[in-house]
Each structure stands twice: as structure tokens, then as C-alpha cells.
Amino acid sequence: QLPNVGGLIPPCPIQSVICEQLRCIFLMVMDIVGFYLPPDSGERVSFKITLLLGYSVFLIIVSDTLPATAIGTPLI
């Protein structure tokens, strides 16, 4: 494997997909954990708002990494 020379060689596509999936899984697990917090406490509301912020940042990052136009036919 060649070393990354000044960002000229892009990272492995499988590594990028796995990294995005791990971020998504982490947010989903944190969302499920939020339901175990007592509804009376104020921490649940602030925790859910923080998760919404995390989801929005995640979607912004994903939309920036996607190509603007497709060269070929998409698989899905």
C-alpha cells in the first residue's frame, strides 16, 4: 500500500463507508439510550436536542462528501 502523499491519494472507499456506518450506528444507539432516561428530568430534553444537532451535522457531512452528479447508473 502506498503512503498518502499530501492528500493526493484518496482513502479506501470501504473505509469511508464503514466510518459513516459507525457514526450512524453510534447516533442510533445514543437515541435508544435516551429513552431510558426518566422523562421528568431536564437532561432528557437537552440530550435529545443534542442528538438532533448531531444528526444534522452528520447529514451535512454526508451531503458534502457525496458527488454532485453521477457518472454512471446508481446501484440503488
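Phe58 - would you say it is of a type in the set (Phe, Trp, Tyr), modelled with pLDDT of 75 or more, assigned to a helix (DSSP H, G or I) and open to solvent by 60 Å² or more (accessible area, probe 1.4 Å)? Against the criterion (of a type in the set (Phe, Trp, Tyr), modelled with pLDDT of 75 or more, assigned to a helix (DSSP H, G or I) and open to solvent by 60 Å² or more (accessible area, probe 1.4 Å)), Phe58 does not qualify. Considered as a group, the residues in region 1-55 that are acidic (Asp, Glu) and open to solvent by less than 100 Å² (accessible area, probe 1.4 Å) include one that is modelled with the highest pLDDT, and that residue is Asp31.
Looking at (1) open to solvent by less than 70 Å² (accessible area, probe 1.4 Å); (2) modelled with pLDDT under 85; (3) over 19 Å from Val17 (Cβ atoms), which is the one condition that is false for Thr69? In the conditions (1) open to solvent by less than 70 Å² (accessible area, probe 1.4 Å); (2) modelled with pLDDT under 85; (3) over 19 Å from Val17 (Cβ atoms), Thr69 misses (1) alone.
The values are calculated or read from the model by the stated rules, or taken from the named source; none is laboratory data. This is a predicted model, so every value here is computed, not measured. Note that each Cβ is placed from the backbone with ideal geometry, even for glycine, and that neighbours are counted across all protein chains shown. With ligands, DNA and RNA removed, areas are computed over all heavy atoms of the protein, side chains included. Shrake-Rupley method; radii C 1.70, N 1.55, O 1.52, S 1.80 Å.
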